[in-house]
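Input: a single structure, listed below in structure tokens.
Each value in this text was obtained by applying a stated rule to the coordinates, not by laboratory testing. If you're wondering where the values come from, they're calculated on a predicted model, not measured in any experiment. Backbone-built Cβ (ideal geometry, glycine too); neighbour counts: all protein chains shown.
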Amino acid sequence: MNTNQAVPLGQLNRAFSPPNYELLSEEPELRPPGQDPASTIISVHSYEPPPKDFFVWSVFNTLYMNFCCLGFMALVFSIKARDRKLVGDLHAAQSYGSTAKCLNICALTFSLLLVLVTVVTVSILMSV
């Protein structure tokens with residue numbers, strides 16, 4: 001048979017008959033999710049940023065403002081927070097990070113107070 005030969009319309013319709021579709025019955029009541037075996041439940045978690053470890057601030061306080069080793073202790077807690085974050089224990093990472101932040105604030109405050117007291121003392125002694 002030649003491919004360019006025309007096929008009568010009746011033969012074409014018999015060769016490609018439409019499929020038989022089955023009508024679906026409508027259910028009068030809806031089932032809650034999880035009851036239907038064909039349902040899928042997807043739980044979506046909200047994005048939470050990873051906890052901060054304040055590592056750079058701790059290094060700065062350790063090198064420049066290490067009042068009573070508070071900067072060094074902040075560095076230790078910052079490293080612990082970073083390790084916990086890498087392991088996936090976000091609660092412990094947040095706790096260690098919070099402690100590092102508190103130690104950094106204390107080290108910075110006490111070091112600045114020490115500098116301020118020293119400047120005031122020296123200026124008073126120079127004026128006498």
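The Cα-based radius of gyration and maximum Cα-Cα distance (Dmax) for the range 70-110 are 10.1, 34 Å. The charge dipole of the range 50-128, taken about its Cα centre with unit charges on the Cβ atoms of Lys, Arg (+1), Asp and Glu (-1) only, comes to about 140 debye.
Model label points for L114 and N66, set 7 angstrom from Cα along the Cα-to-Cβ axis, are 1.1 nm apart.
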